[in-house]
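*Asks:* The structure's right below; bear with me while I get my questions together.
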Amino acid sequence: MNTLPPLSMTRRRALAMSAVLGGTALTSAACSSGSGGSSDPNTFDFWSFTGIGQKDDVAAYKKLAPDVTVKLTEVGSSAETAQALTTALAGGKVPDLCLIQATELPKFVENAGNFVDLGTLGADDLEGEYLDWVISQAKTKDDVLIGIPTDVGGMGVAYRTDFFAAAGLPTDRVEVGKLWPTWEDFIATGQKYTAATGKPFMDNANTSVFLQAVSQGDEQYYDASGKPVFETNPQVRDSFELALSAIAAKVTARLGTFTDGWTAALGKGDFAAMGAPSWMLGSIRSAAPDSKGKWDVATIPGGSGNWGGSYLVIPARAANPKAAWKYISTMQAPDQQLQHFLTSGSLPTTPSNYDKPELTSYTDPFFGNAPTGQIFTQSVLGLKAFKVGPNTAEIGTAFLDALTGVEQDGAPADAAWDTAVKNAKTAIGA
């Protein structure tokens, strides 16, 4: 469930957009009622995002531990959940367990004293089961572990086979992947599609190009020492220019991911391709149920990428930390993460699953029986880890917003980079 993406446009937020209107009320309710106050050792409070399938996990846990009561509150988007936790840590009632998106996690790691050192509960014996670059992001400089990773967002490109056929493009997922070994090839394919059909190729340039491309290097907005380098890192600049190229090529539908317009366009089939991490398939399935069998999944340009990922943390003032830890250690064990993938599509953080037949042979009938377990796993195995800093979310949002300004509002493209850098600096107080 994530590590790389900027927050305001991340998957959880995305998935939660339909619930935004109710988010504030939910947040207030989470902060003020029943949080972390139970004296029953078999009861614990759990705050999560909406749209991430935690209800299914809780239901599965109830079958394993029928004597335990889990009070699940879906606070709202990932950002709203993090804000609710921040408010609670400042003096309110905290939950016993909380799900935090990866880009939100660094701020909490910097204040690790607010959380239980999971090593004291037994995590030292388990952390070797998780991708090292993923679990390392939940550790302090002193090696204190405050979170267990629940999933990663291996990347692919979801595309409509019927639309590709109409444009004279190949439809077989292997042949489609060969169309775009590079992002430049991906944009060029879009130009061929749009020229043949007169329709947009992809949903937008910021999440289907910039966000994917910027997440493929070994350095993003921060260097390995934690110094902000977004202004000078060529990976960021090159990814930004790629997105501007896609906008200039007029191959995008200019629809912000997870907006109502984007959701409606998925249902109507207004574009043919989009960047799709493993968890995104559920959004497509939900927004466009009548398109079953018309989609497929091909490899992402460059072959690797990750968008998404989350962690479970236990506040230091939790009333029942042991009950919360038992939930974590049970539901995030490799076998349970594999089951979660089979029911929700979220890719496990436990590499011991990556060669299991249940995952490698899994095919998704909604997406033309694409071997999604294999495709998304390969994209993660090829990924180079990079530093996620305390303001990764704010910086990423500044770049995405600048691109959106060009794509949707007609802002000058030649000024977009300076706008993004300026706003990123303002956001982090630099």
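The values are calculated or read from the model by the stated rules, or taken from the named source; none is laboratory data. Note that the structure is predicted; figures quoted are calculated from it, not measured. Neighbour counts run over all protein chains shown; Cβ positions are idealised from the backbone, glycine included. All accessible areas refer to the heavy atoms of the entire protein, side chains included, with ligands and DNA or RNA removed. Shrake-Rupley method; radii C 1.70, N 1.55, O 1.52, S 1.80 Å.
*Asks:* May I ask you to give the average projected area over all directions of the convex hull of the Cα atoms of the range 167-208, in nm² rounded to one decimal?
*Replies:* Details: hull surface 12.0 nm².
With the hull built on Cα positions only, its mean projection is 3.0 nm².
*Asks:* Could I ask something else about it? Rg and Dmax of the range 106-250, using alpha carbons, in Å: what are they?
*Replies:* My reading of the Cα-based Rg and Dmax gives 20.4, 61 Å.
*Asks:* Just the Cα atoms of the range 249-295, one point each, no solvent: what log10 I(q)/I(0) does Debye give at q = 0.29 Å⁻¹?
*Replies:* -1.30
*Asks:* Starting from the amide H of TRP295, placed 1.01 Å from N in the peptide plane, find each other amide H under 5 Å away whose residue is 5 or more places distant or on another chain.
*Replies:* THR161, GLY368
*Asks:* Also: Can you tell me how the range 274-360 classifies by the Cα gyration tensor, rounded, prolate or oblate, using a/c under 1.5 as the rounded cut? Walk me through the intermediate numbers first.
*Replies:* Numbers: a/c = 2.19, a/b = 1.88, b/c = 1.17.
Since a/c reaches 1.5 and a/b is larger than b/c, the shape of the range 274-360 is classed as prolate.
*Asks:* Once the cut-off is 18 Å, how many percent of the Cα-Cα pairs in the range 349-430 end up in the long-distance tail? Working shown, then result.
*Replies:* Numbers: 2071 of 3321 pairs.
Roughly 62 percent, once rounded to a whole number.
*Asks:* Counting only protein heavy atoms and a 1.4 Å probe, tell me what percentage of the chain's accessible area is made up of carbon and sulfur.
*Replies:* Details: 8170 of 16090 Å².
Here it works out to 51 percent.
*Asks:* Could you work out how far apart the two model spin labels at ALA65 and ASP238 are, taking each label as a point 7 Å from the Cα in the direction of the beta carbon, and quote it in nm?
*Replies:* 4.6
*Asks:* Could I ask something else about it? Given LYS63/LYS93; LYS55/LYS107; LYS227/LYS425; LYS139/LYS356; LYS93/LYS322, which pairs have Cα atoms separated by over 22 Å? The partial results should precede the final answer.
*Replies:* Working: LYS63/LYS93 28 Å; LYS55/LYS107 26 Å; LYS227/LYS425 13 Å; LYS139/LYS356 28 Å; LYS93/LYS322 17 Å.
Violating the 22 Å limit, Cα to Cα: LYS63/LYS93; LYS55/LYS107; LYS139/LYS356.
*Asks:* Please say if the range 68-107 is rounded, prolate or oblate, where rounded means a/c under 1.5 for a ≥ b ≥ c the square roots of the C-alpha gyration tensor eigenvalues, and otherwise the choice is prolate for a/b larger than b/c and oblate otherwise?
*Replies:* Details: a/c = 1.83, a/b = 1.30, b/c = 1.40.
Verdict is oblate for the range 68-107.
*Asks:* Once each part is reduced to its C-alpha centroid, what is the distance from the range 250-307 to the range 54-90 in angstrom?
*Replies:* 28
*Asks:* Another question, then. Please list, in order along the range 99-116, the HN-Hα scalar couplings obtained from phi with the Karplus expression 6.51 cos²θ - 1.76 cosθ + 1.60 (θ = phi - 60°), rounded to whole Hz, x for Gly and Pro.
*Replies:* 9, 10, 6, 4, 6, 7, 4, x, 4, 6, 4, 5, 10, 4, x, 7, 10, 6
*Asks:* Report the gain in length on full extension from LYS141 to LYS384: 0.36 nm times residue separation, minus Cα-Cα distance, nm rounded to one decimal. Write out the running numbers ahead of the final one.
*Replies:* On the way: separation 243, 0.36 × 243 = 87.48 nm, distance 2.04 nm.
Stretched out fully, the LYS141 to LYS384 stretch lengthens by 85.4 nm.
*Asks:* Taking the highest mean first, how do the peptides 83-89, 177-183 order by number of other beta carbon atoms within 10 angstrom per residue? Spell out each step's value before the answer.
*Replies:* Working: 83-89: 20.1, 177-183: 17.3.
Sorting 83-89, 177-183 by mean packing, highest first, produces 83-89, 177-183.
*Asks:* Express the Stokes-Einstein translational diffusion coefficient of the range 113-188 in µm² s⁻¹, to the nearest whole number, given a Kirkwood radius over alpha-carbon pairs, 37 °C and a viscosity of 0.692 mPa s.
*Replies:* 204
*Asks:* While we're here: Sort 276-284, 404-412 by packing, meaning the average of other beta carbons within 10 Å per residue, with the highest value first. Intermediate values should be presented prior to the final figure.
*Replies:* Values: 276-284: 26.0, 404-412: 15.8.
Result, highest mean Cβ count within 10 Å first: 276-284, 404-412.
*Asks:* Turning to a different aspect of this structure: Restricted to Cα positions, what overall size does the chain have along the principal axes? Three whole-Å values, descending.
*Replies:* 65, 48, 38
*Asks:* Given 0.36 nm per residue, what is the gain on full extension from ALA415 to LYS268 after removing their alpha carbon distance, in nm? Intermediate values should be presented prior to the final figure.
*Replies:* On the way: separation 147, 0.36 × 147 = 52.92 nm, distance 3.38 nm.
That works out to 49.5 nm of additional length.
*Asks:* Shifting gears a bit: Determine how large the accessible area of ARG173 is when every protein chain is in place; take a 1.4 Å probe and give Å² rounded to the nearest 10.
*Replies:* Spelled out: ARG173, probe radius 1.4 Å, area about 60 Å².
*Asks:* If you don't mind, there's one more thing I want to ask. State whether the range 296-404 is rounded, prolate or oblate according to the following rule on the C-alpha gyration tensor (a ≥ b ≥ c being the square roots of its eigenvalues): a/c under 1.5 gives rounded; otherwise a/b larger than b/c gives prolate, and the remaining case gives oblate. Intermediate values should be presented prior to the final figure.
*Replies:* Working: a/c = 2.19, a/b = 1.09, b/c = 2.01.
Oblate, since a/c reaches 1.5 and b/c is not below a/b.
*Asks:* On average, how much accessible surface per residue is there in the chain, in Å², for a 1.4 Å probe, leaving out ligands, DNA and RNA? Could you put the intermediate results ahead of the total?
*Replies:* Numbers: 16090 Å² over 430 residues.
Here the per-residue accessible area is 37 Å².
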